[in-house]
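Participant: Following this message is one structure expressed as structure tokens.
The values are calculated or read from the model by the stated rules, or taken from the named source; none is laboratory data. Bear in mind the structure is a predicted one, so any value in this text is a computation, not a measurement. Positions of Cβ are backbone-derived with ideal geometry, glycine not excepted, and every protein chain shown enters the neighbour counts. Just so you know, the surface numbers come from the protein's heavy atoms only, side chains and all, with ligands and any DNA or RNA stripped out. Shrake-Rupley method; radii C 1.70, N 1.55, O 1.52, S 1.80 Å.
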Amino acid sequence: MTTMTDVTTVEHGPQTGAVKLTMLIAGAVFLLMMIFGLAMRAAQGALVEIEPGLFYQLMTVHGAGMVGTAGLSGATILWYFTGRHVPLIAGVFHAFLALFLLGVVLILGAIFLGGYAGAWTFLYPLPAFSAGQWEAGAAVTFLLGYTSIGVGFLLLHLEVMRKLIAAYGGIGGAMAWPVAFGRGDPKDAPPPGVVAAMASSIFNTIGIVIGAAVLVASIVNLAFPGFAVDALLAKNMIFFFGHVFINAAIYMAVIAVYEIVPDYTGKPWKCSRAFALSWTVVLFFVMAVYPHHLLQDVAMPGWALAMGQIVSYFSGIPLIAVTAFSLLVYLRGANGMRWDLATGLLVLGVAGWTAGSAPAILDGMIVVNKVMHNTQWVPGHFHTYLILGEVAMAFGFMAWLTRREGETLRGPVATVFWAYVLGGAGFVLMFLVSGALSVPRRWAVHLPEWHLQAQIATAFAALVVLAVTAFVLRYVARLGRG
Ligand code: HEM
Ligand SMILES: [Cu+2]
């Protein structure tokens, strides 16, 4: 429905085309980055030979590409469903997409033409210490790519927040604070998707602003090496940004669950008091918990690390409240649910996200972290809530965008779905097993004792790649047929 020439609600407006196109790009990039991941795991299992310099280029493009695409797909879900509730300016989304693609070009150029291989975390001062692998210009180009993507996200979140604040009577209204803390009636509360959109836009904006500051400082340092940055401060800022950004990607994607599942049960999903309260807690905990990335930094003040650990313990509670618990409560009250690829993947996403938080909380404990941190336990937990969490929800949203009435999850599409579940679960389990056996992370070459785990993981990864190829082809075929 078009309300004004340049203002449109996405549901039936021209934005649906842009959203479908963006999800096509996201799906294709996920697939390509998974193939790079497969190559890395195969190299760790000595199944293929990849020269270490190239391995770190692949690791850099895989990390940046995956995190960026998780953000892209999450933000697209946020945009699409926010457009159901408030009118959004279409041009903002186009600018977001254009800035994102510009960033991708810069990042790919920096890595594959410039040789940048300092990992997606651009940890200061590594971009400036390449040991001859890349020039400062390549590192600057990589960081400019991030900056471009960051500006796009800021535009998108500002438009979303501006409209939600106007429509729901301020930040508190959009966060359902009258229901959470006062006598507000849940009947008058905004829908769950709005609460999630408001909360994730707030923390992602804060994260990106901090990220932009450290990006600019790093760029100036590369251009004028005399300009030094406090390394510990830079690390805090980078991990605050990185932690918040990837979390925001998942919290934005869950909006698809809140908005789509009710279509399949016929029962509306209401914002209860517990739900509203949990999202407010999430808003603060997501930001307060980031020091769990710095538990090994002896120079960090003790109180910050203690806070990281304590908030880690407790952050599981609101997380589960806004995901698995609210979904189960909701489904219990509903009269059954129709399963198709979309609902299958969305519910898998919630389950995988919840499951992945368990090893993450373990690693957030200082005593565990001292042993586990630089092992593959870490990629083990984050691949769980990414492959079986965010990415599953993104493909679920894509399946929903191209759904057919009355379809169910059986036949070949069920086989593909279960191949994805099995491949994903096996793959992440092998990371966790390797981590428990103290196999280090981010090593291009593995000792012979570690090859078997990597080889088994490679077979599971191949299954994931096959399933995702089928998801993408199905999506393309259905878009093509209109
Ligand atoms: C078939 C699927 C995938 C495969 C085979 C794969 C493989 C890998 C491998 C082998 C590594 C390096 C592990 C190490 O440190 O030794 C890695 C790191 C990583 N992967 Fe994946 N991955 C997959 C999917 C994903 C997805 C879906 C995401 C995010 C949405 C993701 C994000 C990352 C990140 C952020 C890193 C860390 C890079 C770094 O340490 O700088 N991966 N992956
Ligand atoms: Cu974190």
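Participant: So how many residues does the stretch 340-373 have that are over 20 Å from Gly424 (Cα atoms) and within 16 Å of ligand 2 (Cβ to nearest atom)? Full working, then the answer.
Facilitator: Here is the first cut: in the stretch 340-373, the ones over 20 Å from Gly424 (Cα atoms) are 361-373.
Now drop any that are not within 16 Å of ligand 2 (Cβ to nearest atom), which leaves 361-366, 368-369, 372-373.
Result for the stretch 340-373: 10.
Participant: Being within 16 Å of ligand 2 (Cβ to nearest atom) and small (Gly, Ala, Ser) narrows it down to one of Ala138, Ala128, Ala119, Ala110, so name that one. Lay out the reasoning, then the answer.
Facilitator: Working: Ala138 fails: within 16 Å of ligand 2 (Cβ to nearest atom); Ala128 fails: within 16 Å of ligand 2 (Cβ to nearest atom); Ala110 fails: within 16 Å of ligand 2 (Cβ to nearest atom).
Selected residue: Ala119, the only one of Ala138, Ala128, Ala119, Ala110 that is within 16 Å of ligand 2 (Cβ to nearest atom) and small (Gly, Ala, Ser).
Participant: Need pairs with beta-carbon distance below 8 Å; first residue farther than 18 Å from Gly152 by Cα and among the β-branched types (Val, Ile, Thr) and within the stretch 77-91, second at pLDDT 95 or above and surrounded by fewer than 19 Cβ atoms within 10 Å (Cβ to Cβ); sequence gap 6+ or separate chains.
Facilitator: Val86/Ala166; Val86/Ala167
Participant: Now, a different point. Taking the stretch 264-303, which residues are open to solvent by 20 Å² or more (accessible area, probe 1.4 Å), more than 16 Å from ligand 1 (Cβ to nearest atom) and of a type in the set (S, T, N, Q)?
Facilitator: Result: Thr265, Ser272.
Participant: If you scan the stretch 216-243, which residues turn out to be in a loop (DSSP other than H, G, I, E, B) and open to solvent by less than 50 Å² (accessible area, probe 1.4 Å)?
Facilitator: Going through the stretch 216-243, the residues in a loop (DSSP other than H, G, I, E, B) turn out to be 224-230.
Passing the criteria: only Val229.
Participant: Also, I was wondering about something else. Closer than 20 Å to Met23 by Cα, open to solvent by 30 Å² or more (accessible area, probe 1.4 Å), touching a helix residue (DSSP H, G or I) at 6+ places or on another chain (Cβ under 7 Å) and within 11 Å of ligand 1 (Cβ to nearest atom): is that true of Tyr385 in this structure? Give the steps one after another, and end with the answer.
Facilitator: On the way: closer than 20 Å to Met23 by Cα: yes; open to solvent by 30 Å² or more (accessible area, probe 1.4 Å): yes; touching a helix residue (DSSP H, G or I) at 6+ places or on another chain (Cβ under 7 Å): yes; within 11 Å of ligand 1 (Cβ to nearest atom): yes.
So Tyr385 passes the test.
Participant: Pick from Gly91, Gly74: which is small (Gly, Ala, Ser), open to solvent by 10 Å² or more (accessible area, probe 1.4 Å) and either assigned to a helix (DSSP H, G or I) or more than 16 Å from ligand 1 (Cβ to nearest atom) (or both)?
Facilitator: Values: Gly74 fails: open to solvent by 10 Å² or more (accessible area, probe 1.4 Å).
Unique residue meeting the criteria: Gly91.
Participant: Next question. Would you mind finding the one in Pro178, Pro186, Pro192 that is more than 16 Å from ligand 2 (Cβ to nearest atom) and without any contact (Cβ under 8 Å) to a residue 60 or more places away in the chain?
Facilitator: Numbers: Pro186 fails: without any contact (Cβ under 8 Å) to a residue 60 or more places away in the chain; Pro192 fails: without any contact (Cβ under 8 Å) to a residue 60 or more places away in the chain.
The conditions single out Pro178.
Participant: OK, next. Among the candidates Leu24, Leu38, Leu123, which residue alone is more than 16 Å from ligand 1 (Cβ to nearest atom) and either in contact (Cβ under 8 Å) with a residue 12 or more places away in the chain or assigned to a helix (DSSP H, G or I) (or both)? Please lay out each step first, then the result.
Facilitator: Details: Leu38 fails: more than 16 Å from ligand 1 (Cβ to nearest atom); Leu123 fails: more than 16 Å from ligand 1 (Cβ to nearest atom).
Checking each option against the conditions leaves just Leu24.
Participant: Now, a different point. Condition check: more than 16 Å from ligand 1 (Cβ to nearest atom), open to solvent by 40 Å² or more (accessible area, probe 1.4 Å) and at pLDDT below 90. Does Phe314 satisfy that? First the steps, then the outcome.
Facilitator: Working: more than 16 Å from ligand 1 (Cβ to nearest atom): yes; open to solvent by 40 Å² or more (accessible area, probe 1.4 Å): yes; at pLDDT below 90: yes.
Judged against the criteria, Phe314 is a match.
Participant: Residues Leu432, Leu463, Leu422, Leu479: which one is open to solvent by 70 Å² or more (accessible area, probe 1.4 Å) and either more than 16 Å from ligand 2 (Cβ to nearest atom) or in a helix (DSSP H, G or I) (or both)? Spell out the reasoning first.
Facilitator: Values: Leu432 fails: open to solvent by 70 Å² or more (accessible area, probe 1.4 Å); Leu463 fails: open to solvent by 70 Å² or more (accessible area, probe 1.4 Å); Leu479 fails: open to solvent by 70 Å² or more (accessible area, probe 1.4 Å).
Just one listed residue meets the conditions, Leu422.
Participant: Could you grab me the full set of residues in the stretch 289-300 that are in contact with a helix residue (DSSP H, G or I) (Cβ under 9 Å, 6 or more places away or on another chain) and away from ligand 2 (no atom under 13 Å from the Cβ)?
Facilitator: Filtering the stretch 289-300 down to residues in contact with a helix residue (DSSP H, G or I) (Cβ under 9 Å, 6 or more places away or on another chain) leaves 289-297, 299-300.
Gln296, Asp297, Ala299, Met300, listed by residue number.
Participant: Conditions first: (1) in contact (Cβ under 8 Å) with a residue 40 or more places away in the chain; (2) open to solvent by less than 40 Å² (accessible area, probe 1.4 Å). Val29 passes all but one, so which condition is the exception?
Facilitator: Of everything listed in (1) in contact (Cβ under 8 Å) with a residue 40 or more places away in the chain; (2) open to solvent by less than 40 Å² (accessible area, probe 1.4 Å), Val29 misses just condition (2).
Participant: In this structure, does Phe239 turn out to be at pLDDT 95 or above, within 16 Å of ligand 1 (Cβ to nearest atom) and of a type in the set (Phe, Trp, Tyr)?
Facilitator: Numbers: at pLDDT 95 or above: yes; within 16 Å of ligand 1 (Cβ to nearest atom): yes; of a type in the set (Phe, Trp, Tyr): yes.
When the stated conditions are applied, Phe239 passes them.
Participant: Need the failing condition index for Asn247 against (1) away from ligand 2 (no atom under 16 Å from the Cβ); (2) surrounded by 18 or more Cβ atoms within 10 Å (Cβ to Cβ), just the number.
Facilitator: That leaves (1) as the condition not met.
Participant: On the basis of being in contact with a Lys or Arg (Cβ under 6 Å, 6 or more places away or on another chain) and either closer than 23 Å to Leu24 by Cβ or open to solvent by 40 Å² or more (accessible area, probe 1.4 Å) (or both), does Thr402 make the cut?
Facilitator: The answer is yes for Thr402.
Participant: For the structure I just gave you, tell me whether Trp450 is surrounded by fewer than 21 Cβ atoms within 10 Å (Cβ to Cβ) and either part of a helix (DSSP H, G or I) or within 16 Å of ligand 2 (Cβ to nearest atom) (or both). Full working, then the answer.
Facilitator: Details: surrounded by fewer than 21 Cβ atoms within 10 Å (Cβ to Cβ): yes; either part of a helix (DSSP H, G or I) or within 16 Å of ligand 2 (Cβ to nearest atom) (or both): yes.
Spelling it out, Trp450 is indeed surrounded by fewer than 21 Cβ atoms within 10 Å (Cβ to Cβ) and either part of a helix (DSSP H, G or I) or within 16 Å of ligand 2 (Cβ to nearest atom) (or both).
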